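The values are calculated or read from the model by the stated rules, or taken from the named source; none is laboratory data. This is a predicted model, so every value here is computed, not measured. Counting neighbours? That spans all protein chains shown, and the Cβs are built from the backbone with ideal geometry, glycine included. We work out accessible area using only protein heavy atoms, side chains counted, and drop any ligands, DNA or RNA first. Shrake-Rupley method; radii C 1.70, N 1.55, O 1.52, S 1.80 Å.
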Amino acid sequence: MSKFLYITDQEEYHEHSFIGPLFEKYLNKHFEIDIVYFSKFTTEFEVKNENKLILPNKFKKNPIEELEKNGYKLEQYEVVAVRNDTEILKDALKFRKTGNFKLAFRLSFPKRIAKIQTDEANKKVNFLDVINNKIKTFTETSLINECDIFLPTSIQMKNDYFKDVKTRTFVIPSAIDPDVLRENIQHEGIEKRFFYAGTLDKLREFETILDAFSELSDGTYKLMISTKDPEYAKDLISKYKDIEDHIEIYNAKTKGELLELIAKADIGIGLLPEISLFNSSTPMKVLDYYSSAVPCIMSKNENNSSIFEDDKSAWFSNFTKKDIKEKLDYILGLNKDEVAQVGVNGQKRLLDVRNYERIAADFAHQLNIL
């Protein structure tokens, strides 16, 4: 079996809800996979579970040299993929001159651009940041064009941020693992339970969603929020005294804890402002909701519309207080069976089009024909 090396930018003990199922579970049916992670807890190179290569953080700037020192030479691999880090990509391009491997670059999320947009929302961005971003994007585009294949999360992400990339492109979106589906727990209360998972900050404008909830005349609902910054959430909710009693705040520490909470909800919330950063891919929270057959109210954009159908497998809304309130009113008027059926339909749709097992098989085929 041909060998595949995936050099991530990830810490060893982070949740790897994308890398785990796609690379460790399904792609290894097609390739012998080695995956590089970094760690702040070790000072020496380690190998775990035969295929996890753990490098101390001090080698983040030159991981390939350290891999080669420990016998993992790039020339033994048919495919070498680099995740997000263009400095490592630049290094890999040097080694390709002597090795005969296919080189891939994976863009999971445009982190630098996300930071600039967050700074803009917080009024911290300056002119030099914008200029430096354009220069870096030009340089990164040139590097990606030297690769054999480019692996963005969506074609829209490529068009929005790397439109001048000319190399072969294969989209690898976030998806659901067909082996890890959870039963939706139908609670006995009459209220409908909405669930929001993820970051709360100025860029995401969660106040707009809270404003919509605060205008509902039907009070038979709960809003469950799980976020890594519960203090920020508490400060935000404290401004909404009229609906404060309807809101519960959680801080799920692991993916398992998060999925257990989601399974107890009726409707997931995947609403985000209509900016390119959010419109270019499906948020992981949406996939988490549907892994438990929890239907989702989500942003009305091209990406979501290409997967789901409004009022059949999801509910779409523009990101305005008026539109969100109208959609929430409509959902509150549905009975529990009608809500649950939307979740079942959405999960089935994702199993058809966003399934890690199928994506791995398609990806392996693309690599084999390069």
In whole angstrom, the spacing between the Cα centers of segment 44-80 and segment 272-290 equals 33
In Å², what does the accessible area per residue of segment 199-242 work out to with a 1.4 Å probe? 50
Within segment 94-115, find all residues whose amide N lies under 17 Å from a label point positioned 7 Å from the Cα of F59 along Cα-to-beta-carbon. 95
In percent, how large is the relative contact order of segment 1-157, given Cα pairs closer than 8 Å and 6 or more residues apart? 20
Helix 321-332 sits off the longest principal axis of the Cα atoms of the chain, rounded to the nearest 10 on a 0 to 90 degree scale, by 70
Quantify, in whole percent, the carbon and sulfur part of the accessible surface of the chain (1.4 Å probe; protein heavy atoms only). 48
For the chain, with only Lys/Arg (+1) and Asp/Glu (-1) charged at the beta-carbon, what is the dipole magnitude about the Cα centre, in debye rounded to 20? 1160
When ligands, DNA and RNA are left out and all protein chains stay put, how many square angstrom of accessible area per residue does segment 20-106 have with a 1.4 Å probe? 47
Using the Karplus equation 6.51 cos²θ - 1.76 cosθ + 1.60 (θ = phi - 60°), what ³J(HN,Hα) coupling, rounded to whole Hz, does each residue of segment 146-163 give in order, writing x for Gly and Pro? 8, 7, 8, 7, 10, 10, x, 6, 8, 5, 5, 4, 4, 5, 6, 10, 9, 5
Less than 12 Å apart at the alpha-carbon level, and either on another chain or at least 8 residues along: which aspartates and glutamates does that give for K166? E146, D148
Can you give the calculated 222 nm mean residue ellipticity of the chain, where each DSSP H run of n ≥ 4 adds -39,500 (n - 2.57) and the sum is split over every residue, rounded to the nearest 500 deg cm²/dmol? -11000 deg cm²/dmol
So, taking all protein chains as they sit and a 1.4 Å probe, how much accessible area belongs to R112, in Å² rounded to tens? 70
Residues of type aspartates and glutamates that K228 reaches as a straight line, Cα spacing below 17 Å, ignoring anything fewer than 8 places off in the same chain: E15, D201, E205, E248, E257, E260, D288
Karplus 3J(HN,Hα) series, Hz, for segment 230-237 with 6.51 cos²θ - 1.76 cosθ + 1.60 (x for Gly, Pro): x, 5, 4, 4, 4, 4, 5, 5
For segment 15-65, whose charge dipole is built from +1 on Lys and Arg Cβ atoms and -1 on Asp and Glu Cβ atoms, the candidate among F59, I35, L22 with its Cα farthest towards the positive end is F59
Tilt, helix 127-144 to longest principal axis of the chain (alpha-carbon atoms), in degrees rounded to tens, equals 50
Evaluate the relative contact order of segment 26-108 (contact order divided by residue number), counting alpha-carbon pairs under 8 angstrom at least 6 apart; express in whole percent. 22
Can you give me the pair-distance distribution of segment 118-161, C-alpha pairs, 5 Å bins, whole percents? 5, 17, 19, 23, 17, 12, 5, 1
What is the distance, in nm, between label points placed 7 Å from the Cα along the Cα-to-Cβ direction at K348 and at E244? 4.5
